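Step one of this worksheet: look at the structure below.
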Amino acid sequence: ILQFRQAMSLVSDTYPFTQSFGPASTRAICVESAEQIFNLLLSKNPNIQQKVPFETLAELAEGKDGELIHDKVKALVRLFRPDRKGFLTKLDFVTSIDNVYRELRLYRANLSNSQQIDDSFHGLINILHYFVVILVVLIIMGFNNWESLLSMTTFFFSFSFMFGPASSKYFEGILLIFVRRPYDIGDKVAISDPETDTSASGSSTWFVEKVTLYSTTVRFATTNEVATYSNGSLARLRIINAKRSPKAIVYVYNKFGSDVPFRLIQVFKASVENFVKSRPREWAQLNGFRATRVNLEFNFVEYVIVLTHRELWQNVGPILQSKADLASFCLEVSKKLNLRYEQPPKPIHLFLDGRYNDQRNLDGDDGSASSGLQQVREMFKKEE
């Protein structure tokens with residue numbers, strides 16, 4: 001307990017990353033301190049590209065004997081994500097520090113909210129405790145007038161039909177918060193019916209701002225609208241937690257003409273693979289590149305690119321930006337390889353009698369075509 005209190009005192013301090021890092025009481029001050037640290041590291045390793053080699057940061061993982069501790073090195077790689085050549089830009093360095101700072105502030109908010117929930121729960125336990133104590137005291141004092149108490153219970157029993165469903169919902173909400181615990185402060189959640197499937201491109205999410213024993217306050221991530229749910233109403237729904245979900249899987253679709261040579265498709269796939277490998281901070285891996293639909297009527301073959309992003313759906317902004325960059329890159333590559341798909345024009349048929357005739361029959365039967373023209377002429381003659 002003492003160690004936990006000491007750790008929380010450091011978190012709430014103006015220097016949560018030690019005084020060597022600098023002040024970080026707010027997010028803006030933390031960014032300024034991170035920029036100063038990067039400039040200091042860059043002055044020790046000057047280069048034209050204005051990048052810091054990862055070997056400089058790896059010195060933090062050295063043990064007492066001067067050898068690198070592999071677990072700490074892996075943790076530093078996961079935190080800073082250097083490029084394939086082992087360098088970090090100022091933006092990458094500051095972004096990594098900012099992510100740690102946000103996690104720290106969310107942890108403090110979760111602790112504060114958990115304390116409020118515990119205080120509310122202790123209040124309910126105290127009410128039940130004092131009720132039992134009063135009954136025990138009455139029994140010890142020899143209280144025998146139980147008929148009046150029974151009459152009062154029958155009076156309250158008549159109202160149980162009114163408050164029964166509400167009590168059931170309230171108890172379900174308490175179990176949701178203390179047993180299931182599907183979300184914490186700052187998590188992005190999506191509420192949906194468990195009997196329907198979710199969208200493959202992601203669900204509309206809400207930020208969790210406040211959690212009590214009775215309700216949950218959320219904010220819509222797109223429009224900043226604030227809403228409140230009763231915990232009992234959420235107990236029977238599907239709650240998708242974007243922060244607790246694995247890394248995001250993204251799908252990008254492309255259409256090519258059915259007459260495109262397979263060799264060009266392989267060149268397109270190789271270009272996409274090089275694009276993904278050159279961005280290790282964005283994409284974790286390329287999961288697949290395959291044909292999903294062949295439509296000979298409209299003369300196209302649809303391919304899907306399946307990728308795993310570094311970020312969770314909790315941080316949807318970088319995911320959408322990376323997906324847009326990949327889609328733009330695929331468009332430019334398809335232009336250079338002449339792979340752009342153009343939908344063939346549909347034939348237009350004009351009939352007066354409302355019947356469907358095959359275009360081939362119209363082309364092969366001159367008598368039917370001439371009879372149609374004769375009918376049009378007769379219609380104009382009747383109007384005259």
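The values are calculated or read from the model by the stated rules, or taken from the named source; none is laboratory data. Bear in mind that the values here come from a model prediction, so they are computed numbers and not experimental data. Backbone-built Cβ (ideal geometry, glycine too); neighbour counts: all protein chains shown. The area values use the complete protein model at the heavy-atom level, side chains included, leaving out ligands, DNA and RNA. Shrake-Rupley method; radii C 1.70, N 1.55, O 1.52, S 1.80 Å.
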Please compute the modelled spin-label separation between Ser215 and Gln50, points set 7 Å along Cα→Cβ, answer in nm with one decimal. 4.9
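My understanding is that a pair violates if its Cα-Cα distance is over 27 Å; which of Lys90/Lys277; Lys74/Lys247; Lys44/Lys323; Lys85/Lys243; Lys44/Lys64; Lys210/Lys323 do that in this structure?
Working: Lys90/Lys277 21 Å; Lys74/Lys247 18 Å; Lys44/Lys323 37 Å; Lys85/Lys243 30 Å; Lys44/Lys64 23 Å; Lys210/Lys323 32 Å.
Distance filter (> 27 Å) returns Lys44/Lys323; Lys85/Lys243; Lys210/Lys323.
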Could you list the residues of segment 307-325 with an amide nitrogen less than 17 Å from a label point located 7 Å from the Cα of Asn287 in the Cα-to-C-beta direction? 307-316, 319-320, 322-324
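Assuming 0.36 nm per residue, please report the length gained on full extension of the stretch Lys336 to Glu273 beyond their Cα-Cα distance.
Values: separation 63, 0.36 × 63 = 22.68 nm, distance 1.68 nm.
Value of the extension gain: 21.0 nm.
Suppose accessible area is computed on protein heavy atoms with a 1.4 Å probe; arrange Glu209, Glu297 from highest to lowest.
Correct descending sequence by accessible area is Glu297, Glu209.
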List Leu326, Leu79, ordered by accessible area with a 1.4 Å probe, largest first: Leu79, Leu326
If DNA, RNA and ligands are ignored and the probe is 1.4 Å, what is the ranking of Thr95, Thr308 by accessible area, most exposed first? Thr95, Thr308
Tell me the label-point distance for the pair Ser167, Ile125, using the 7 Å Cα-to-Cβ offset, in nm and rounded to one decimal. 2.2
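Counting other Cβ atoms within 10 Å, keep those with at most 11, restrict to DSSP loop, and tell me which GluC sites (Glu not before Pro) in segment 16-108 are left. Write down the numbers at each step before the final one.
Values: sites: Glu32, Glu35, Glu55, Glu59, Glu62, Glu67, Glu103; in loops: Glu67.
Hits after loop and neighbour filter: Glu67.
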Tell me, in nm to one decimal, what length is gained between Asp259 and Asp193 on full extension, where the rule is 0.36 nm per residue of separation less the Cα-Cα distance? 19.4 nm
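Loop-only trypsin sites (Lys or Arg not before Pro) in segment 215-247, please: DSSP not H, G, I, E or B, and at most 12 other Cβ atoms within 10 Å.
Values: sites: Arg219, Arg236, Arg238, Lys243, Arg244, Lys247; in loops: Arg236, Lys243, Arg244.
Within segment 215-247, the qualifying trypsin sites (Lys or Arg not before Pro) (loop, at most 12 other Cβ atoms within 10 Å) are Arg236.
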